[in-house]
Amino acid sequence: MKTNEIVAAITGKLVIPPAMDIDLNCGFGSDLMSDVLIFARPQMLLITGLTNVQAVRTAEMADIPAIIFVRGKQPQPEVLELAEEIGIGIILSAYTMYETCGLLYQAGLPALGKIETVQ
């Protein structure tokens, strides 16, 4: 799913476009960055309410090209500057995480699927 399709599906706002216009092939919603690192996949979209530098750094480490910040949260300028510097796209959603994920799933962005129990 392309960035413009994602923005349209959630009636979002593209604040910073990703460095490359790629197809995002799955979405993952979490405020726990440790879970993001465990379950990261190539070309995954991160959906989170965590609007700090750690979210952007986690996306960088996990090769996640774009982040949606949910619940109408506005990241601080230093978060946006870092995202732009390293090429991570930033999208804003006024919906809750649950609704944002549901809208994206309904629009055709798959989830990771069934995950085996992590110990």
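The values are calculated or read from the model by the stated rules, or taken from the named source; none is laboratory data. Predicted, not measured: the structure shown is a model, and the values here were computed from it. Cβ atoms come from the backbone with ideal geometry, glycine included; neighbour counts cover every protein chain shown. These area figures cover heavy atoms from the full protein model, side chains too; ligands, DNA and RNA do not enter into them. Shrake-Rupley method; radii C 1.70, N 1.55, O 1.52, S 1.80 Å.
Sorted on the mean count of surrounding Cβ atoms within 10 Å across their residues, most packed first, peptides 43-52, 103-112 read 43-52, 103-112. Since only Pro110, Ala40, Leu14 are under comparison, the one whose Cα sits farthest along the positive direction of the charge dipole of the chain, derived from C-beta charges on Lys, Arg, Asp and Glu, is Pro110.
Here the Karplus relation 6.51 cos²θ - 1.76 cosθ + 1.60, evaluated at θ = phi - 60°, turns the backbone of the stretch 107-116 into coupling constants of 7, x, 7, x, 8, 6, x, 5, 10, 5 Hz, with x for every Gly and Pro. For Lys2, what charge total do you get from the other residues with a beta carbon under 13 Å from its beta carbon, if Lys and Arg give +1 and Asp and Glu give -1? Spelling it out: positives minus negatives among the neighbours equals -3. Couplings 3J(HN,Hα) of the stretch 17-27, computed from phi: x, x, 4, 10, 8, 10, 7, 7, 9, 6, x Hz, in residue order, whole Hz [Karplus 6.51 cos²θ - 1.76 cosθ + 1.60, θ = phi - 60°; x for Gly and Pro]. Count charges around Leu82 for me, please; just the other residues with Cβ under 13 Å from its Cβ, Lys/Arg as +1, Asp/Glu as -1. For residues surrounding Leu82, the net value is -4.
Normalised by the number of residues in the chain, the mean separation of alpha-carbon contacts (under 8 Å, six or more apart) gives a relative contact order of 32 percent. For the chain, the per residue solvent-accessible surface stands at 54 Å², with DNA, RNA and ligands left out and a 1.4 Å probe.
All other residues with a Cβ under 12 Å from the Cβ of Phe69 taken together, and with Lys, Arg as +1 and Asp, Glu as -1, what is their net charge? Combined, the nearby Lys, Arg, Asp and Glu give +2.
Within the chain, what percent of beta bridges assigned by DSSP are antiparallel, to the nearest 5? Spell out each step's value before the answer.
Numbers: 3 of 15 bridges.
Among the beta bridges of the chain, antiparallel pairing accounts for roughly 20 percent.
Placing +1 on the Cβ of every Lys and Arg and -1 on the Cβ of every Asp and Glu, with nothing else charged, gives the stretch 16-119 a dipole about its Cα centre of roughly 320 debye. Is the shape of the stretch 36-97 rounded, prolate or oblate, going by the alpha carbon gyration tensor and its root eigenvalues a ≥ b ≥ c, with a/c under 1.5 for rounded and a/b larger than b/c for prolate? Oblate, since a/c reaches 1.5 and b/c is not below a/b. To the nearest µm²/s, what D does Stokes-Einstein give for the chain at 20 °C and 1.002 mPa s, using the Kirkwood radius over alpha carbon pairs as Rh? The diffusion coefficient I find is 155 µm²/s.
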